[in-house]
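Reading through the structure tokens given below for one structure.
Bear in mind that the values in this text are calculations on the coordinates, not laboratory data. Since we're looking at a predicted model, the values are computed, not measured. Every residue, glycine among them, receives a Cβ derived from its backbone with ideal geometry; neighbour counts consider all protein chains shown.
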Amino acid sequence: MRKNIKGMTKITKEEVNKVANLARLELNENEINNHAEQLEKILDYIRQLEKIDTDDVPCTTRAIEVVNVFRKDENKNFDCNEEILELGPSREDKYFKVPKIIND
């Protein structure tokens, strides 16, 4: 990195090329310059964010709080057993019949 006019470090084309090689990317000179500029803008934005005082801001894991909604487990009578069993491919009495998967 080299110092820019403001005294802050600047992403060099050599650094972009080195990272591109590590990532197995082939970039032409125009792409290298473009990525260097974009990375510099990202770092400038991060520098702005670092200036914000967050001492009184509580830590969060989400922008919107997520709360589980629980309900009480209750037994309920289901009177459509015959209709449901008719939808299955095979049945025996009041059960679905499935292929045997365990050997004796």
- Task: Select from the stretch 67-104 the residues that are touching a Leu at 6+ places or on another chain (Cβ under 9 Å) and not in a loop (DSSP other than H, G, I, E, B) and write down the one among them that is surrounded by the fewest Cβ atoms within 10 Å (Cβ to Cβ).
- Result: Tyr95
- Item | Matching residues, the stretch 12-28, being more than 28 Å from the chain's Cα centre (by Cα) and free of Cβ contacts under 8 Å to residues at least 12 places away in the same chain | Glu14, Asn28
- List pairs: first in the stretch 29-57 and among the polar types (S, T, N, Q), second outside any loop (DSSP other than H, G, I, E, B), Cβ under 7 Å, 6+ apart or cross-chain? Asn33/Lys13
